[in-house]
1. Report the percentage of all Cα-Cα pairs in segment 69-123 whose separation exceeds 16 Å, rounded to a whole percent.
2. Give me the extension gain from Tyr94 to Phe64: residue separation times 0.36 nm, minus the current Cα-Cα distance, reported in nm with one decimal.
Amino acid sequence: HARTHARTHARTHTHARTRTHTRTHAHTHHSMSVMLPREHRSTKLITMSCCQWCADRRERKELFKLRDGPIDWYFCNALHAELWLEFKQHPKTYTLCRMLPAQKREYLQGSSMQDKISSLFPERCNTEQQL
């Protein structure tokens with residue numbers, strides 16, 4: 001009697017495991033198809049970034065991060081972040097502040113943002129020399 005009971009129990013247990021396995025497998029297959037794009041995107045870890053102000057390229061962990069709504073902007077330091085926040089509002093420098101790093105480097109042609117700001121705003125020249 002004990003042997004028959006053990007066999008029946010084993011059969012029931014195996015059957016339950018198979019059913020659970022099938023259910024889990026079907027669920028996994030479904031969620032994988034949904035999750036795949038997100039997992040694929042997150043595998044590319046970004047470790048480098050550029051200062052939004054001077055376009056200097058550095059390790060992201062060394063940069064100062066400024067969150068503006070849903071966007072993270074990166075800067076060499078808090079001063080560059082403050083300057084960017086100030087000059088991105090100004091009509092003369094709005095486009096310059098919004099340029100991509102490669103465009104900005106090409107536009108500046110070796111001169112610094114401070115030099116460019118000084119030429120556009122001669123009245124700020126004394127302040128800019130301290131930077």
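Every number in this text was worked out from the coordinates using simple rules, so none of it is lab data. Source: prediction; values computed, not measured.
1. Roughly 45 percent, rounded to a whole number.
2. 8.7 nm
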